[in-house]
Structure formats: C-alpha cells, structure tokens
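Okay, so here's the structure we're looking at.
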Amino acid sequence: MKIMGNPLILALGVFLLFIPKTEGQKQKTLQKNHHFTLKVNNYDDSAIYWANTYGDKATILDTIHRNQNGVFKYNIPYGTPTGVYRVIINKQENKSIDVVYNRENIELKTHHDQILERLSISKSLETQLFHRYQRAKSYIRYKEKQIRKLLEQYPRNDPFYSDLEKKYVLLQKEHYDSAKNIRNAYPNTYVSKLVDVSILPFDTSIQTRSQWLRYKKNHFFDNAGLMDESLIRSPAIPNKILDFLSLYRKPSYTKERQEQAFKKAVDTLMKYTRGNAEIFDFTVNFLIEGFRRFEFNQLIDHIARKTEAALKCINEERREEMQEKINRIQTTTPGAKAPPIKLPNLENDTVRLSSVRQPFTLVVFWASWCPHCMNMLPELQHFYKKHKDSLAVYAVSIDKDREKWQQEAQKYPWIHVSQLEGWQSKPVEDYSVYGTPSFFLLDKKKKIIKREGSLEAIRTHFTKKTQD
C-alpha cells in the first residue's frame, strides 16, 4: 500500500497542520530558533568559545567559528537552561563577555581592544539589563573604595569626615535604587533574580559607615532568594558569599583570630543555604576550596563537621560525593590517625611511614619545581638537625621528573619518597594536599598533631609540644 496515496492519511495530515500548538510546542519552536551573534572589530582569530557558568567557574561547551561575513554565529541548542553564559574571545588575554540567555536571541558588537567599554547589544533584553546593572554596580563600588581610603586617612573630629560617611551611606542607597528600578520595571526576568540576590533593603535611618556595616551583617539574607537553583548558573552565589565574608574580615587579625571570626560567617551561610541541596552543596565546596588557599585548616575541619550533620538535606548522589570529601578532610584533622603511605625512596626501595620510629614524624609534601619549597628546605634542614634525636622527616615529593627530584632530594639527610605522579599520587589525595609545601606533624603512634602550610607554624607548635 502506498502511504501517500491513502486519502485518510492525507486528510489526517492536513488536519494536523491546523491543530493549535500547545505552549510547550511553541516554546520548543522558539528555542530552536535562538541564536547568538557577535562581531568583533580588530580581531583576527577565526574562533571564539561558548561556555556555561557554574558559580565562579566557566566550562567551555562549544567553539564558534567566524562566518564569511566576519560574524561569529552560534545556534543555541534546544533545552539550554536560563543562566549566565561566558563568551571567551581571547584565552591568553582573558578577554570575555558574559551574556544572559533566557529564550531570546543575543546579538552583540564590540572591539577587541575594548571588549566591554565598546560593547553594543542590539538584541537580548536580559543581556542589556545585566550589563546596565554591572556597570552601575562597578562604578558605585569604585566610589566606595575611594571614600574608604579617605575615611582611613581623614581626622574623625573634622566635619568633613561626617560628610564622607554620609556620602558612603548614600552610595548604598544609589546601589539599591539602581537594582530596584530594574526589578520593578522587569520583574519576570532572570536578571531581576540576580539583582535580588545582590542587594538588601536600604534603611534611611542609617547615617554612618559603621551603622551600615552592622545593618548589612544583620540583614544580609533578608529576601535574598537563595533557594532558586537557577542562580547556580551565574556568579551570583559566590559573589554573595564573598561579600558576606568581607564583613568578618579584619586585616589586623592574626590567622588564628581570623579563622575564629570566619566561623560565625560560615555557620550563617550554611544556615541560609541548607534549604536547597544543590545550593548548599555548591556553598560548602566553594568555602572549602577558598579557605584551602589560605591554609585555614581549622575552619575547613569546622565546615566538614557542620556539613556532616546536614548531609540529610542533600540528594543521595551528591550526598555520597560530599561524604567522601568530608571523610578525606576528617582523616587529616588533628587527633586522626595519619593515612598510611608506602612509596619508593631514592634507591627505589619501598619505605612505609609506619616504619618510622622516632617520637615525632614530620610528613612534608614538596616538589623541586616549587620555589617556596626550595626556600623552605634549608630552613627545614636547620630545624631537623636541631631535633633529629626526636624528629624524623618523611618527605613526599609530588614531582614527575625523577632526575630533578633526585638532584634536589639528595642534598638533605632525611627520608625521601615519591610516586612520581605529581598531583595524581595517592598520598596527595589521602592527605587532601592542595598546595606545596604542606606539613603534617605526627606523634609516635602516627596520629596527626598539627597540619600547617608553613614551617614556622610547625616549628612553634613543636617547640611548645616538646616543652610541655
């Protein structure tokens, strides 16, 4: 039977053409037609990159090639979720443009030498609103910074000091008003959600900067809208976290005191994000990764403990991943048994950490390519010679080049081991090492006494420990 000759089939086909499309079908048709175009003057390369954002990270999804008209055109795939996307123009020079995709075409023009300054947006209301708000916020932040500098230098008893404080407070109102205007005029946009997260209501009774900072700390999460998962697809959440942490940061604090100050901030952040599994998961990971850079190990341990108590709010798949991360963190907290290490030494003989018999063992993670390590090793040698009767040094290199490792290691008279697999070596993962040098002071039973990122901190703790 010939299908096309069947009158019933033909009739049904004609009938189906005139059936009104459902809202979902209309949306699907519209989404299929969405495109991104960009013309970049004074740019010779033939490719740019389309990347999604997940908080503060961008992942390249596709390459966009220049067409015969000199325009970069990209058909946005059907199903692309609403969010902030990054168009990377020049990787080496770190030049990019953030755009907002929310089921509409995006058409831009710019100049390679002044990417943002000469950016022209002909299509995409969301992207226009986003950049309008970003420019306003950046200018307000610039003025804030200049006023803060003046306040730090100006006499408090001078009348002009009071005028400066009032001007600083008015800038907060200016920020709030610029955001409110966008939110009120375009309430159903994705950008209005980003704006809601970044601001807090202004209190007209506030007159001084100190009053504003206290108010900000107490009302930071009022109507913040942190439960919207779509915010993960933008830098909004990490910006919110960093802004809140800045309220607890004091340049005059010691490292220990700063860690204590941040604990309260961390507890508050976890309280206000634990209602949504994905946002809570992101927040915890963002905090851990950030504090690792500053060697705030006690704070990381604190986050791990708080997270473990709240794991039930995370979905099962993420819970297992998070539990594994927490377990790794907790295996290297003070009081825990140090993870076993069994690696070849310079002569290619296996040396176990458990075989070291001195009352104290200092496990050091280092590398021959690390300049901080090279500066540290002579100091470590002096420290070791002074205490070698009670202290053993078990140095784990994360080198990959055997010759370079041996060349440096043989200068120092302690135990040297390496898997020669760089950051992929098992002890690096077991000890949650994220930077070199890293130090772990162990007692005779191989329990961790102290974890630090500096030899000076280990030396101070060791001296105190041996004197007690």
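The values are calculated or read from the model by the stated rules, or taken from the named source; none is laboratory data. It should be emphasised that the depicted structure is a prediction, and the values quoted were computed from it without experimental measurement. Using ideal geometry, Cβ is built from the backbone for each residue, glycine included, and neighbour counts are taken over all protein chains shown.
Brief remarks follow.
- Scanning region 187-195 finds one or more residues that are surrounded by fewer than 17 Cβ atoms within 10 Å (Cβ to Cβ) and modelled with pLDDT of 90 or more.
- Evaluation of G275 against the conditions (1) in contact (Cβ under 8 Å) with a residue 24 or more places away in the chain; (2) in a helix (DSSP H, G or I) shows that the sole unmet condition is (2).
- Residues in region 349-366 that are of a type outside the set (D, E), under 23 Å from E429 (Cα atoms) and assigned to a loop (DSSP other than H, G, I, E, B): V356 alone.
- Condition met for I206 (touching a helix residue (DSSP H, G or I) at 6+ places or on another chain (Cβ under 8 Å) and closer than 29 Å to D98 by Cβ): no
- Residue in region 392-434 that is farthest from P340 (Cα to Cα), counting only those that are among the acidic types (D, E) and in contact (Cβ under 8 Å) with a residue 60 or more places away in the chain: E429
- Taken together, the residues in region 65-83 that are touching a Lys or Arg at 6+ places or on another chain (Cβ under 7 Å) and not in a loop (DSSP other than H, G, I, E, B) amount to 2.
- Qualifying position, being loosely packed, with under 15 Cβ neighbours inside 10 Å, not assigned by TED's automatic domain parsing to the domain that holds R183 and not β-branched (V, I, T), among K145, K149, K95, K91: K91
- Here D177 meets each of (1) surrounded by fewer than 16 Cβ atoms within 10 Å (Cβ to Cβ); (2) over 26 Å from V99 (Cβ atoms) with one exception, condition (2).
- Once region 379-396 is narrowed to residues that are under 14 Å from I415 (Cα atoms) and touching a Leu at 6+ places or on another chain (Cβ under 8 Å), the residue that is surrounded by the most Cβ atoms within 10 Å (Cβ to Cβ) is V396.
- For region 273-284, the criterion of being buried (at least 20 other Cβ atoms within 10 Å of the Cβ), modelled with pLDDT of 80 or more, of a type outside the set (G, A, S) and closer than 20 Å to P251 by Cβ is met by no residue.
- Residue check, L226 in the same structural domain as R135 (by TED's automatic domain parsing) and touching a Ser or Thr at 6+ places or on another chain (Cβ under 7 Å): yes
Residues are listed down the side, and each one gets a yes or a no for (1) closer than 26 Å to N297 by Cβ; (2) touching a residue at least 40 places away in the same chain (Cβ under 8 Å); (3) under 18 Å from the mean Cα position of the chain (by Cα); (4) assigned to a helix (DSSP H, G or I):
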site: Q207; (1), (2), (3), (4): no, yes, no, no
site: W212; (1), (2), (3), (4): no, yes, no, yes
site: F221; (1), (2), (3), (4): no, yes, no, no
site: I237; (1), (2), (3), (4): yes, yes, yes, yes
site: R249; (1), (2), (3), (4): yes, no, yes, no
site: Q258; (1), (2), (3), (4): yes, no, no, yes
site: K264; (1), (2), (3), (4): yes, no, no, yes
site: M270; (1), (2), (3), (4): yes, yes, yes, yes
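- Annotation: of all residues in region 341-356 being in contact (Cβ under 8 Å) with a residue 40 or more places away in the chain and touching a strand residue (DSSP E or B) at 6+ places or on another chain (Cβ under 8 Å), the one that is surrounded by the most Cβ atoms within 10 Å (Cβ to Cβ) is L353.
- Test result for G55, touching a helix residue (DSSP H, G or I) at 6+ places or on another chain (Cβ under 9 Å) and of a type outside the set (V, I, T): yes
- When the strands (runs of 3 or more DSSP E) confined to region 84-165 are screened for residues that are modelled with pLDDT of 95 or more and within 25 Å of the chain's Cα centre (by Cα), those reaching at least 2 such residues are found at 95-101.
Yes/no per residue for (1) of a type in the set (F, W, Y); (2) in contact with a helix residue (DSSP H, G or I) (Cβ under 7 Å, 6 or more places away or on another chain); (3) outside the structural domain of W366 (by TED's automatic domain parsing):
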site: K385; (1), (2), (3): no, no, no
site: S397; (1), (2), (3): no, yes, no
site: V417; (1), (2), (3): no, no, no
site: V428; (1), (2), (3): no, no, no
site: F439; (1), (2), (3): yes, yes, no
site: I448; (1), (2), (3): no, no, no
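- Some residue of region 290-298 being in the same structural domain as Y215 (by TED's automatic domain parsing), closer than 17 Å to F221 by Cα and buried (at least 18 other Cβ atoms within 10 Å of the Cβ): no
- Test: residue in region 205-213 that is crowded, with 17+ Cβ neighbours inside 10 Å, of a type outside the set (F, W, Y) and touching a Phe, Trp or Tyr at 6+ places or on another chain (Cβ under 6 Å): yes
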